[in-house]
Amino acid sequence: MTTHRLVATSAMGLESIVADEVKKLGYQTQTENGKIYFEGDELAIARANMWLRVADRVKIIAGDFRATTFDQLFEQTKAIPWEKYLPVDAAFPVQGKSVKSKLFSVPDCQAIVKKAIVERLKLAHKRIGFLDESGATFKIEVSILKDVVKLSIDTSGVGLHKRGYRLEQGEAPLKETLAAALVYISKWNPNRPFVDPFCGSGTIPIEAAMIGQNLAPGYNRSFISEDWPWMSEKIWEDVRLEAEELANYDQPLDITGSDIDGKMIDLAKNNAIEAGFADLINFKQRQLRDFTTSSKDGVMIGNPPYGERIGEKETIEDMIQDMGRIMDSYPSWSVYMLSSMADFETLYGRKATKKRKLFNGFIETNYYQYWGIKLPRE
């Protein structure tokens, strides 16, 4: 096993949650904007991909250095021992980005990095002429920020938000990684009732169910690094076996998802079946104003519409006012709503216990948190 410099990437505002997830896997972390760095071997790569619910991707840092000229970029890229990672037949597309740097032409940077890696591999593998790139794929990224170059290899492939259960989705789907973060922030546990009154295609309730039964988010999907010759099949078998052993399929759940749109409820049910929760999540067509419950100490989490279409804003404002009035009748319930509406608290009727700035894609939102009163222990 080799120790690698690894980075888990995350959406802005979710770094601390991803760092906690990495620490729970047993690795020490360092955090920057959108990046959580840690060290680990091949087993760490597989476990991070399998278990990180809120991270976007897991990458290997192949090298980093300062460069202000194309010659520096070429020579320092070539100095990295790429043969440690890439076999002679590796396919290695190069993507790039550059911010506030002298080397601002991304296509040129990509081409130079590609050429430097080719030269290094030809030298290391004693090859003359072209490399055929017919083998496993290693996605390389060159990222330049303020003249500091970071070269990384993506171990995930398709983003980690793709769990494999979402067969269909609505018009404005919430990423699975953000949905999981909303559940984490609420500190919900599976012994408490859970309701999403704007469930759409069911992402938040399904992520809650996965957390409640401790199901690994990557269990039903594959990763690009599974095809790499130095990531042995046994590592992936062991990690999947660990995920199976840690899953608590017997954990009872009281999770409900509702939506005013019956078509969305059908989508949500199909997605829940694909995720393995056919009988565990209760989906129903219902307006928010019809919400009633006899349960106590519950958690309501939702992502209500943002009112970006003409004529929608007034309807959503009425809905938020209804929610505030209704939930006043259930003081032991905690309410967590993700909204871009600046006057959410005014509409809801009271100031949030806490709020947290989060980005839903490129939309700046606040996660409004209303904590319920604590009930005396029975």
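The values are calculated or read from the model by the stated rules, or taken from the named source; none is laboratory data. Quantities reported herein were computed from a predicted structural model and do not represent experimental measurements. No Cβ is skipped: glycine too gets one built from the backbone with ideal geometry, and neighbour counts run over all protein chains shown.
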Exercise. Please state which of the following conditions Gly200 fails to meet, knowing it meets all the rest: (1) touching a Phe, Trp or Tyr at 6+ places or on another chain (Cβ under 8 Å); (2) at positive phi.
Key: (1)
Exercise. Scan region 27-48 and report the pairs whose first residue is free of Cβ contacts under 8 Å to residues at least 24 places away in the same chain and whose second residue is aliphatic (A, V, I, L, M) and outside any helix (DSSP H, G or I), with Cβ atoms within less than 6 Å and a gap of 6+ or a chain change.
Key: Thr29/Ile36
Quiz item: Looking only at region 320-373, which residues are outside any loop (DSSP other than H, G, I, E, B) and of a type in the set (S, T, N, Q)?
Solution: Gln321, Ser334, Ser339, Thr346, Asn360, Thr365, Asn366, Gln369
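Looking at Leu178, Leu160, Leu151, can you tell me which residue is outside any helix (DSSP H, G or I), touching a residue at least 24 places away in the same chain (Cβ under 8 Å), within 20 Å of the chain's Cα centre (by Cα) and crowded, with 23+ Cβ neighbours inside 10 Å? If you could, list the steps in order and put the result at the bottom.
Details: Leu178 fails: outside any helix (DSSP H, G or I); Leu151 fails: within 20 Å of the chain's Cα centre (by Cα).
Exactly one residue qualifies, and that residue is Leu160.
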Self-check item: Every pair of residues 6+ apart whose Cβ atoms lie under 7 Å, when the first sits in region 121-146 and is of a type in the set (Asp, Glu) while the second is at pLDDT 95 or above and assigned to a strand (DSSP E or B)
Solution: Glu133/Ala91; Glu141/Gln95; Glu141/Gly96; Glu141/Ser152; Glu141/Asp154
Exercise. Evaluate region 204-215: report whether one residue or more is buried (at least 22 other Cβ atoms within 10 Å of the Cβ), in contact (Cβ under 8 Å) with a residue 24 or more places away in the chain, in contact with a Ser or Thr (Cβ under 8 Å, 6 or more places away or on another chain) and in the same structural domain as Lys296 (by TED's automatic domain parsing).
Key: yes
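Residue by residue, here is whether (1) among the charged types (D, E, K, R); (2) in the same structural domain as Ala46 (by TED's automatic domain parsing); (3) touching a strand residue (DSSP E or B) at 6+ places or on another chain (Cβ under 6 Å) holds:
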| site | (1), (2), (3) |
| --- | --- |
| Pro252 | no, no, no |
| Thr256 | no, no, yes |
| Asp261 | yes, no, no |
| Lys269 | yes, no, yes |
| Ala272 | no, no, yes |
| Ile281 | no, no, yes |
Quiz item: Which numbered condition trips up Tyr27, out of (1) surrounded by fewer than 21 Cβ atoms within 10 Å (Cβ to Cβ); (2) aromatic (Phe, Trp, Tyr); (3) closer than 28 Å to Asp147 by Cα?
Solution: (3)
Exercise. Would you be able to say whether some residue in region 317-329 is assigned by TED's automatic domain parsing to the domain that holds Ser201, on the phi > 0 side of the Ramachandran plot and not hydrophobic (A, V, I, L, M, F, W, C)?
Key: no
Practice problem: Report yes if Leu86 is aliphatic (A, V, I, L, M) and more than 30 Å from Leu241 (Cα to Cα), otherwise no. | Solution: no
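Suppose we filter Asp297, Asp261 for residues that are surrounded by fewer than 16 Cβ atoms within 10 Å (Cβ to Cβ) and modelled with pLDDT under 95; which single one remains?
Numbers: Asp297 fails: modelled with pLDDT under 95.
Answer to the selection: Asp261.
Results for (1) modelled with pLDDT of 95 or more; (2) surrounded by fewer than 18 Cβ atoms within 10 Å (Cβ to Cβ); (3) in a strand (DSSP E or B), shown as yes or no for each residue.
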{"residue": "Gly96", "(1), (2), (3)": "yes, no, yes"}
{"residue": "Phe104", "(1), (2), (3)": "no, yes, no"}
{"residue": "Pro107", "(1), (2), (3)": "yes, yes, no"}
{"residue": "Ala111", "(1), (2), (3)": "yes, yes, no"}
{"residue": "Ala116", "(1), (2), (3)": "yes, no, no"}
{"residue": "Arg127", "(1), (2), (3)": "no, yes, no"}
{"residue": "Phe130", "(1), (2), (3)": "no, yes, no"}
Quiz item: Taking region 312-335, which residues are of a type outside the set (Asp, Glu), closer than 16 Å to Leu375 by Cα and free of Cβ contacts under 8 Å to residues at least 24 places away in the same chain?
Solution: Ser329
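Within region 344-361, how many residues are free of Cβ contacts under 8 Å to residues at least 24 places away in the same chain and not β-branched (Val, Ile, Thr)? Don't jump to the end; show me each part of the working.
At the first step, the residues of region 344-361 found to be free of Cβ contacts under 8 Å to residues at least 24 places away in the same chain are 345-346, 351-355.
From what's left, not β-branched (Val, Ile, Thr): 345, 351-352, 354-355.
The qualifying residues number 5.
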Quiz item: Mind checking whether some residue in region 58-71 is surrounded by 22 or more Cβ atoms within 10 Å (Cβ to Cβ), closer than 30 Å to Asn214 by Cβ and at pLDDT 95 or above?
Solution: yes
Quiz item: What are the residue pairs meeting all of these: first residue in region 363-377, first residue closer than 17 Å to Tyr336 by Cβ, second residue among the β-branched types (Val, Ile, Thr), Cβ atoms under 7 Å, and 6 or more apart or on different chains?
Solution: Tyr367/Ile185; Gln369/Thr353; Tyr370/Val335; Tyr370/Thr353; Trp371/Thr353
